[in-house]
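First the structure, in the form of structure tokens, and then the observations on it.
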Amino acid sequence: MSSFFSKKPEPQAFDPIKDLPDLSGKVILVTGGNSGIGFNTVQQLARKGAKVYIAGRSEARVGAAIERLRAEGLEPGNGALEWVELDLSDPRKAKEGADRFVARETRLDVLVHNAAVMNGDYVLNDDGIIDSMATNCFSPVVFTQALLPLLRKTAQEPDSDVRIVWVSTTTMSMLKGRDIHFRSIEEVNEKFGMHPMQGLLRYANSKLAAILAAKKLQEKFDDEGLPITIISLHPGAVWTEGVAAFPNFHWPILGALFTAVARRMMLTAEVGAHPSVIAAASPAVKADREKYKNGFVWQPVGALGDPPTPQCNDEKLANELWATTEALLRQWDIRV
């Protein structure tokens, strides 16, 4: 998500039906795939023949999304659609979700971290961690590591092309010049004082933590010699159900105006999914893995570019985040 009222990008010269390869035989898992960008990501990948799992808490909501996907048609690829239960609000439940998936499947070609808490409210979970940080960073890290048996197995097959995609945001640019650290729970739970946009800053901070964790995971895979490619991306300013829920769009009188302007200026969820499907399945990534590894894909066209803030490439900050993550996992007795 970026500024609601920035100039709307020109439509991409990208057609997922024409520009993506046949994905038959591939198994893809998309978190939060029952609505918004995630729904369209699932749709575009399934239409190329992939077996796509939608990971979410509610079987009813995911089931409704699957019925809608089938009603709208999955031709020409006619991929399969499945639900796997996943609750990212608690890292322990995230591991349980991964364990359920590992028990059901024999491979995993692509993992798309799409689900996120966007509002950045200062709400602490039972472990004393702010919800946005638990949902957007710690739980996805646990989920990924618990899926490693399948990711490793798939990556060791001949001609493998295993990828982990992290949907991020240019909202992180708000953190430029700020003294950000992740050395303790207090720093993880940074309130950002009385800043009028403190909620967005907390959301941005959780997304920064996620991108730093992704870089440490890529480092881990490289050290093991595993050909697993991690890519982060910005989907653009996209009108989704989550964005529509922001309080600004529900103010008396002005809310209707903000909504009308935002919907005119922002991308549709269908186009917003293009960077995700490019990162997940574009042949260009496999053809030049070293170029895309640890890369940041932008909207429009899915071009590689610099991440939104220099902190994304701060090795010291990444090490801080990883050390705190490992300490918390020991504290929570989560073994991955």
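The values are calculated or read from the model by the stated rules, or taken from the named source; none is laboratory data. As the structure is a computational prediction, the values presented were derived from the model and not from experiment. In this analysis, Cβ positions are derived from the backbone assuming ideal geometry, glycine residues included, and neighbour counts consider all displayed protein chains.
Yes/no per residue for (1) assigned to a helix (DSSP H, G or I); (2) at negative phi; (3) at pLDDT below 95:
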{"residue": "2", "(1), (2), (3)": "no, yes, yes"}
{"residue": "5", "(1), (2), (3)": "no, yes, yes"}
{"residue": "11", "(1), (2), (3)": "no, yes, yes"}
{"residue": "18", "(1), (2), (3)": "yes, yes, yes"}
{"residue": "21", "(1), (2), (3)": "no, yes, no"}
{"residue": "43", "(1), (2), (3)": "yes, yes, no"}
{"residue": "49", "(1), (2), (3)": "no, no, no"}
{"residue": "64", "(1), (2), (3)": "yes, yes, no"}
{"residue": "67", "(1), (2), (3)": "yes, yes, no"}
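Please state which of the following conditions residue 106 fails to meet, knowing it meets all the rest: (1) closer than 20 Å to residue 191 by Cβ; (2) at pLDDT 95 or above; (3) β-branched (Val, Ile, Thr).
Failing condition for residue 106: (1).
Scan segment 264-281 and tell me whether some residue there is charged (D, E, K, R), at pLDDT below 95 and more than 20 Å from residue 112 (Cα to Cα).
yes
Scan segment 107-134 residue by residue and report those that are surrounded by fewer than 23 Cβ atoms within 10 Å (Cβ to Cβ) and free of Cβ contacts under 8 Å to residues at least 60 places away in the same chain.
Once the filter is applied, which keeps residues that are surrounded by fewer than 23 Cβ atoms within 10 Å (Cβ to Cβ) and free of Cβ contacts under 8 Å to residues at least 60 places away in the same chain, segment 107-134 yields 123, 125, 126, 131.
Just to be sure I understand the filter: pairs with C-beta atoms under 8 Å, separated by 6 or more residues or on different chains, first member in segment 182-198 and over 15 Å from residue 138 (Cβ atoms), second member modelled with pLDDT under 85 and not in a helix (DSSP H, G or I). Which pairs pass?
198/120
Please state which of the following conditions residue 301 fails to meet, knowing it meets all the rest: (1) among the hydrophobic types (A, V, I, L, M, F, W, C); (2) on the phi < 0 side of the Ramachandran plot; (3) modelled with pLDDT under 90.
If we test residue 301 against (1) among the hydrophobic types (A, V, I, L, M, F, W, C); (2) on the phi < 0 side of the Ramachandran plot; (3) modelled with pLDDT under 90, just (2) comes out false.
Which one is surrounded by the most Cβ atoms within 10 Å (Cβ to Cβ) among residues in segment 66-92 that are within 30 Å of residue 124 (Cα to Cα) and either among the polar types (S, T, N, Q) or in contact with a strand residue (DSSP E or B) (Cβ under 9 Å, 6 or more places away or on another chain) (or both)?
So the residue we want is 88.
Which residues, counting only those in segment 297-336, are of a type in the set (Ser, Thr, Tyr) and in contact with a Leu (Cβ under 6 Å, 6 or more places away or on another chain)?
Within segment 297-336, 309 is the sole residue that qualifies.
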